[in-house]
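Have a look at the structure below before the remarks.
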Amino acid sequence: MCSRGRIGISLGLDSDGAPVVAELKRGEAPDTVDLQALKYAAYCLQLTIEDVVDAYARHHNLDKENAAALARDENGEYVLGV
């Protein structure tokens with residue numbers, strides 16, 4: 001488990017390729033959680049698809065070429081979740 005009541009943070013892409021951040025919290029979330037969501041959103045705005053593919057490759061111990069191939073469907077659209 002993470003410190004400060006966090007269980008985990010996940011980064012992924014929705015079906016349109018937009019970054020999605022999910023954080024599981026242990027117990028009740030503090031009142032500042034909305035500001036934290038804005039911080040995550042600002043971070044995601046800076047990400048490129050290559051950043052997400054690189055993170056996927058590191059997380060799954062893959063080279064970038066294999067990760068990039070797995071990140072696309074048969075139409076070449078990104079379908080990657082991290």
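Charged neighbours of Ala68, selected by a Cβ distance under 10 Å, balance to -2 (K, R count +1; D, E count -1). Just grab the label-to-label distance for Leu24 and His59, each label 7 Å out from Cα along the Cβ direction, in nm (one decimal). Result: 1.3 nm between the two label points. FRET efficiency for the Leu47 to Leu70 pair, using the beta carbon distance and R₀ = 25 Å, is estimated at 0.90. The H on the amide N of Arg72, modeled in the peptide plane, is under 5 Å from the matching H of Val79, each at least 5 residues off or on a different chain. Ordered by the number of other Cβ atoms lying within 10 Å of each residue's own Cβ, fewest first, Ile49, Ile9 fall into the sequence Ile9, Ile49.
Quick check: net charge around Asp54, other residues with Cβ under 12 Å of its Cβ, Lys/Arg +1 and Asp/Glu -1? The answer is -2.
Throughout, read-outs are computed from the coordinates displayed, never taken from laboratory work. All values reported here derive from a predicted model rather than from experimental measurement. Note that each Cβ is placed from the backbone with ideal geometry, even for glycine, and that neighbours are counted across all protein chains shown.
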